[in-house]
Amino acid sequence: MKKFRSIMLALMLITAVTSLLADINSAAAYTRLGVDARSVGMGGTGAAFLDNVSAVFVNPASLADVQRIEFSTSTRQNMEWDRTQLFSAIGFELPLGYVALAWQNASTKDFRGYNADGSPTGNFDNNEHNFGISYAMKMGNFNFGATPKIYMSDIDGESKTGYGIDLGMIYHVNRYFNVGFVTKDLVSDFDGEGEEVPRLFIPSIAAFPIPGLVVAADLHGEKDFKEAKLKIGAEYWIGVNRDDNMGSSISGIRVEESTTWSDIFSQTEAGMRVGINDGAFAGGFGVRFKMIELNYAYQVAKEDFDNDHHLYSLSLRF
């Protein structure tokens, strides 16, 4: 009887997890979690305002607003089933646009394996990788960007490789209002055998009523809008100065060459953010200087068997 109960509990857990992942994405579900603490803390928004190198996997068109070499990295903690998520990106400006390279990883270790007879076969690991290269350019008030991606997965020594492409645009209506649109995985092949990553459409808006304040809303249309998720958020930075070269969000910092620690840690700003991600609370805070920015985000779990997540981001500007 105890064995039967264990089997039933395992089946219920597998069914629940499968339903959750299917709701997010039947393939490459980790790519929907977010990689930037500013975006996650604002409820998963960002497609119309996130003007830093993390925009590689948010909206590549935003990269056209970045004006310096940037490096960003992040890690997500306290995920269920000992999962981990890592992200790193670096970008630089070209005469006719901006280019960024990015890597995203999701892994789970020490899964228990069983054969068809139910006998244990030992533990195994699962590793997922997503490599992207983005290009963005500005044409008047419009930004355009694209991110070709390579998917790589390794489950118990079995490797598969696929591809996808994201396309994005942003229209700067004026200094105080942006409209954005992203298509993720417009075309894709997750495993090299024809399994597609369902397309995701994201119309987005962002408003900047006063220096330092951003209010945004994104609508995530999963599976060609068969499922829709509303994400809203707000962010306010204290200590923001008016600067015409700070970018569309007014709250960005554009750095100059500097060689002293006092310059690197000058222009101190502190920010707070809050959001709702498809009904789940999110929030966070950050501090940034002329060349360094640190951000933290907290995401409340949407399911009982999930955990609240913590996301930490570090950005460097040169």
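Among residues of region 43-79 being among the hydrophobic types (A, V, I, L, M, F, W, C) and over 18 Å from PHE181 (Cβ atoms), the one that is surrounded by the fewest Cβ atoms within 10 Å (Cβ to Cβ) is ILE69. Across region 182-235, the number of residues qualifying as in contact with a Gly (Cβ under 6 Å, 6 or more places away or on another chain), farther than 30 Å from ALA270 by Cβ and of a type in the set (Gly, Ala, Ser) comes to 3. Scanning region 270-316 for residues that are among the charged types (D, E, K, R), crowded, with 17+ Cβ neighbours inside 10 Å and at pLDDT 90 or above turns up ARG273, ARG288, GLU293. Contact annotation: residue pairs with Cβ atoms under 8 Å, 6 or more positions apart or on different chains, pairing a residue in region 271-299 that is more than 20 Å from ASN52 (Cα to Cα) with a partner that is in a strand (DSSP E or B) and basic (Lys, Arg), are ILE276/LYS231; ASN277/LYS229; ASN277/LYS231; ASP278/LYS229; ASP278/LYS231.
The values are calculated or read from the model by the stated rules, or taken from the named source; none is laboratory data. Just so it is clear, the model here is predicted, and its values are computed rather than measured. FYI the Cβ positions are ideal-geometry reconstructions off the backbone, even for glycines, and counts take in every protein chain you see.
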